[in-house]
1. Over the chain, with the other protein chains present, what is the accessible area per residue in square angstrom, probe 1.4 angstrom?
2. Given charges of +1 on the Cβ of Lys and Arg and -1 on the Cβ of Asp and Glu, with all other atoms neutral, how large is the dipole of the chain about its Cα centre, in debye to the nearest 20?
3. How far is it, in nm, from the label point at Glu12 to the one at Leu54 when both lie 7 Å from their Cα along the line to the Cβ?
4. Per residue of the chain, what 222 nm ellipticity follows from adding -39500 (n - 2.57) for every DSSP H run with n ≥ 4, rounded to the nearest 500?
5. Roughly how many percent of the accessible protein surface of the chain is carbon and sulfur, given a 1.4 Å probe and a whole-percent answer?
6. Are there trypsin sites (Lys or Arg not before Pro) in the chain that DSSP marks as loop and that have at most 15 other Cβ atoms within 10 Å, and which are they?
7. When a/c reaches 1.5 or more, the comparison of a/b and b/c decides; with that in mind, is the chain rounded, prolate or oblate per its Cα gyration tensor?
Amino acid sequence: MKKTPAPPRLAEFLLMLALPRGVTGESIKGDLDQEFVESLATTSLGRARVWYFLETLRFTARYS
């Protein structure tokens with residue numbers, strides 16, 4: 001069984017710091033994670049990680 005690649009750790013850490021606590025933050029994080037996994041079917045791991053990091057920066061700017 002092959003393990004699904006994970007989003008960049010630094011991006012996940014920044015999200016943890018920036019997103020609001022509770023359901024809203026968990027929902028945003030869950031949606032990003034789901035989109036990351038789905039994007040792996042159509043693009044490379046590197047591009048998916050870059051996309052995730054850019055989305056992280058957008059949310060960090062919005063919620064910080």
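1. 73
2. For this selection, approximately 200 debye.
3. About 2.2 nm separates the two model spin labels.
4. Only helices count here, giving -23500 deg cm²/dmol.
5. Roughly 60 percent of what the probe reaches on the chain is carbon or sulfur.
6. In loop regions of the chain (DSSP not H, G, I, E or B), the sparsely surrounded trypsin sites (Lys or Arg not before Pro) are Lys2, Lys3, Arg21.
7. Verdict is prolate for the chain.
The values are calculated or read from the model by the stated rules, or taken from the named source; none is laboratory data. What you see is a predicted model; the values in this text were computed from it and never measured. FYI the Cβ positions are ideal-geometry reconstructions off the backbone, even for glycines, and counts take in every protein chain you see. These area figures cover heavy atoms from the full protein model, side chains too; ligands, DNA and RNA do not enter into them. Shrake-Rupley method; radii C 1.70, N 1.55, O 1.52, S 1.80 Å.
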